[in-house]
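K.L.:
Before anything else, here's the structure in question.
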Amino acid sequence: YYSIPEAARLAQVSTWRIRRWMRGYAFRTRSGSASSPPVWRHDLSALDGRDALSFRDLMEVRAVDAFLRRGIRWKYLRAAAAKAYRDWNLTHPFSSGRFLTDGRSLFVEQAQRSRERDLMEVVRSQLAFRQVLAPYLFGAEFGGDAAVRWWPLGLRRQVVIDPQRSFGQPIVVREGVPTRALFAAWLANRSLGLVARWYEVNLGAVRDATRFEKQRASA
């Protein structure tokens, strides 16, 4: 599992947003106040009084963020999520393989029902559905209806986040050494070659781990 601050660093989404998406939130309206429910049905209850995310929750955060960055409205996201849960029993609709296949027509249907054109223009224009999700699709590896691994630097690099290995922490794929350990060793001596010899990993693994941890630290 991942704490909210850890998920925020990995997904590059603020902790404030993640909390709102997971818990729901209240807001003021002209007629008084209203509330908004959680965006998806997250896997884990609070651990030691703190919210926690599963790997699927983490991937859902990235997918929702990709939609919002493209200007997709909340009412479409919520309507699409409700339909995906009702018709397909998907608790994490936006990070599922099935949604990536059928989501485009689902969003068009929601736009037609509400008689608004903004989303229709998005899905009919050159910004095709998979392009809307491009920031999320980068490095995601799917098995069936769910993301099973995430290669945050891309599939050709050696850093992987796999919920079946090292408790889902970022590692270099072949040897399984945590990227955080390689980065800490590099900070201590600034020698990629020396770190590679210490941990018996290839030089490219140390380079990729260092690059990944630098990106995470600056997020």
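K.L.:
Place a point 7 Å from Cα of Leu68 in the direction of its Cβ. Which residues in region 192-219 have their backbone N less than 18 Å from it?
P.N.:
In region 192-219, the label zone of Leu68 (backbone N under 18 Å from the point 7 Å along Cα→Cβ) covers 219.
K.L.:
Using a 1.4 Å probe on the protein chains only, how many percent of the accessible area of region 6-115 belongs to carbon and sulfur?
P.N.:
Working: 2540 of 5890 Å².
Carbon-and-sulfur percentage of accessible area, whole number: 43.
K.L.:
Now for a different question. Grab the other residues whose beta carbon is less than 12 angstrom from that of Ala66, score K and R as +1, D and E as -1, and report the net. Intermediate values should be presented prior to the final figure.
P.N.:
Numbers: positive: Arg62, Arg69, Arg70, Arg130; negative: Glu60, Asp65.
Computed value for this residue: +2.
K.L.:
Quick one: length gained pulling Arg28 to Gln112 fully straight, 0.36 nm per residue minus the C-alpha distance? All intermediate terms of the calculation are to be shown ahead of the outcome.
P.N.:
Numbers: separation 84, 0.36 × 84 = 30.24 nm, distance 2.81 nm.
Using 0.36 nm per residue and subtracting the Cα-Cα distance, I get 27.4 nm.
K.L.:
Oh, and also: Given R₀ = 30 Å, FRET efficiency for Arg50-Ala188 by Cβ-Cβ distance, to 0.05? Write out the running numbers ahead of the final one.
P.N.:
Working: r = 31 Å, r/R0 = 1.03.
After rounding to 0.05, the efficiency reads 0.45.
K.L.:
Can I ask one more? Using θ = phi - 60° and the Karplus form 6.51 cos²θ - 1.76 cosθ + 1.60, what ³J(HN,Hα) does each residue of region 203-215 get, whole Hz, x for Gly and Pro?
P.N.:
Those phi angles translate into 4, x, 5, 5, 4, 5, 4, 5, 4, 4, 5, 5, 4 Hz.
The values are calculated or read from the model by the stated rules, or taken from the named source; none is laboratory data. Because the structure is predicted, anything quoted here is derived from the model rather than measured. Positions of Cβ are backbone-derived with ideal geometry, glycine not excepted, and every protein chain shown enters the neighbour counts. Ligands, DNA and RNA are excluded from the accessible area calculation, which covers all protein heavy atoms including side chains. Shrake-Rupley method; radii C 1.70, N 1.55, O 1.52, S 1.80 Å.
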